[in-house]
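These notes concern the structure reproduced below.
None of the figures in this text is laboratory data; all of them are computed from the coordinates on show. This structure is a prediction, so every number in the text was calculated from the model and none was measured.
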Amino acid sequence: MAGAGEGMTDLVCIWRGRVELVEIKDGEKSASRRKLTPAQVLLHSEALQRGYKMHVVESVGQALAVFGARVAA
């Protein structure tokens, strides 16, 4: 989805009737390189105003947790 426009989240998921916006950041990069861009911050704010949350994840486990799942042991 990132190609859809500046600031757009990486993923737009529909799960059990909910829309989840997911931004993926590389957890191995330094904190300063994982920051949201100004356009992403704006999108996050606009999404919250409309009742949506933009999840920022840095691992597979965090992404699965957005949907109430976890990595199998």
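Nearest 500 deg cm²/dmol is fine: what mean residue ellipticity at 222 nm does the chain get from its DSSP H runs of n ≥ 4 alone, each adding -39,500 (n - 2.57), divided by its residue count? Kindly include the intermediate steps, with their values, before the conclusion.
Details: 2 runs with 19 residues, N = 73.
One gets -7500 deg cm²/dmol as the mean residue ellipticity at 222 nm.
Its alpha carbons considered, the chain gives a radius of gyration followed by a Dmax of 12.6, 37 Å. Note on the chain: with a GNM built from Cα contacts shorter than 10 Å, the maximum mean-square fluctuation among S30, S59, S45 falls on S30. Within straight-line reach of K53, meaning a Cα separation under 18 Å, sit the following lysines at least 8 residues removed in sequence or on another chain: K25, K35. Between A39, A31, A63, the GNM of the chain built on Cα springs shorter than 10 angstrom shows A31 fluctuating the most.
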